[in-house]
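All of the numbers you see were taken from the coordinates with simple rules; none came from a lab. These numbers were taken from a predicted model, which means no experiment stands behind them. Quick reminder, even Gly has a Cβ in these numbers, built from the backbone with ideal geometry, and neighbours come from all protein chains shown.
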Amino acid sequence: MSHHMNSSTLPTSHPPEHQHPTSTASGHGGHNMMMMAMTFHFSCENVPLLFSGLTINSPGEMAGAFVAVFFLAMFYEGLKIARECLLRKSQVSIRYNSMPVPGPNGTILMETHKTVGQQMLSLPHLLQTVLHIIQVVVSYFLMLIFMTYNGYLCIAVAAGAGTGYFFFSWKKAVVVDITEHCH
């Protein structure tokens, strides 16, 4: 099998020295290679988006992809916060343990520790598992979108994540344990 590259398969929007092969399809006769930029660019043509059949080829398609990626990144941030809230609500067993500790001037103080547990075979844990899988898949999608090196899509990921954090993180409760000594 010979390994050669037909320069007619390279997109014209990026110089060849900034590209690397992303996929190959071989038949009996040779290779058909699709190239992808390895530096940041602001192109609206021949921009692959996650799946082989999903290619951006116009400014309108790029605008639509920008909005979709922006909301996907916002969803990711919201999902992270929602999982934290659900975890706090589903904590089933809270146990307080008190133990004597030496205090000032030879006195004995009681220190209290809170232990929180969750059952493995429970509906809340199953829901957390499913949401975790969704969160991992969405995070990899966002990473792969960023790795297209398309400036518009990279901005959409960053702006969506920032906006999502702004809108959802304020709900994140900050609990301060007054018995905690290591801050």
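Once both labels are modelled 7 Å past Cα along the beta-carbon direction, what's the ASN57-TRP170 spacing in nm? About 4.4 nm separates the two model spin labels.
Quick check on packing: order 51-57, 147-153, 78-84 by the mean number of other C-beta atoms within 10 Å, highest mean leading. Spell out each step's value before the answer.
Values: 51-57: 11.9, 147-153: 18.9, 78-84: 16.7.
Result, highest mean Cβ count within 10 Å first: 147-153, 78-84, 51-57.
With R₀ set to 45 Å, the beta-carbon distance separating PHE42 from ILE133 gives a calculated FRET efficiency near 0.85. Computed from label points 7 Å out along Cα-Cβ, the spacing between ALA159 and THR112 is 5.0 nm. When you count the other C-beta atoms within 10 angstrom of each residue and take the mean per peptide, 129-136, 40-47 line up highest first as 40-47, 129-136.
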